[in-house]
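> Let me give you the structure first, and then I'll get to my questions.
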Amino acid sequence: MSVPMSMTTIPLSMPKPTKVPLPMPTPSINNEDSSVSTIARFVYSGLFTKETETQKNVIETCFDDNAVFENPMILVESRDKIINQFLLLSTFFHSVTPEIHSITSKETEGNHHLVCIDSLIKYCLPLPCLRSKLITQRVITKFEFNEQKKIIRHEDIWSLKDMVESLPVIGWLYTRVARKLNGMVTGGVILAIQELKHAWKEWH
């Protein structure tokens, strides 16, 4: 069972632990008693973490060799490429903390199962001056499991607009300047098109 990153921060006054952390337990995914929802929760907590070995173990254990991962910005295929995507995530941020709100599942064609997870992911930026500013992103995740209870497709659905608006400085510029400027440009383009249509009708 993974531990939220907020609980792993050690005060300066306390000595750091000397023992090597125990590996996260792996569910028996071939056991009929292990539901896909249980596996999905385990996988989700293992992906959104700073523990790179945990990320690797989860993907190598629970994902099919040719699994596909996609979100609004990328699409990759194979376990190795999926591992690289989540290693990049854990490397860039100071902490990553998932908060799962709900998990639903249903059986689909071919004895496959689709599990949907609704959650909030909280990212802490690496710069010390920005660590108090959390980037909170709502994510809808879809896991498709095959008959062997291996994940063959992982899709993260989130709003690019919400992500940009949550970024320090960039979010303010996007909300206060860029969107209004885009609106002005769009309005100007529409006005120009209308004038061209009017001129075309008069010419004919």
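> Filter the range 44-72 for residues that are in contact with a strand residue (DSSP E or B) (Cβ under 7 Å, 6 or more places away or on another chain), part of a helix (DSSP H, G or I) and modelled with pLDDT of 95 or more; which is farthest from GLN148 (Cα to Cα)?
Filtering the range 44-72 for residues that are in contact with a strand residue (DSSP E or B) (Cβ under 7 Å, 6 or more places away or on another chain), part of a helix (DSSP H, G or I) and modelled with pLDDT of 95 or more, the one farthest from GLN148 (Cα to Cα) comes out as TYR44.
> Filter the range 82-113 down to residues that are small (Gly, Ala, Ser) and part of a helix (DSSP H, G or I) and give me whichever is nearest to the chain's Cα centre (by Cα).
SER90
> Restricting attention to the range 73-81, does a residue exist that is over 17 Å from GLY46 (Cα atoms), in the same structural domain as ARG138 (by TED's automatic domain parsing), among the hydrophobic types (A, V, I, L, M, F, W, C) and in a strand (DSSP E or B)?
yes
> On to the next question. Applying the selection to the range 102-114, what residues are surrounded by 10 or more Cβ atoms within 10 Å (Cβ to Cβ) and more than 14 Å from GLU147 (Cα to Cα)?
ILE103, THR104, SER105 - these are the residues of the range 102-114 that are surrounded by 10 or more Cβ atoms within 10 Å (Cβ to Cβ) and more than 14 Å from GLU147 (Cα to Cα).
The values are calculated or read from the model by the stated rules, or taken from the named source; none is laboratory data. Just so we're clear, the structure is a prediction, and the values are computed from it rather than from any experiment. Backbone-built Cβ (ideal geometry, glycine too); neighbour counts: all protein chains shown.
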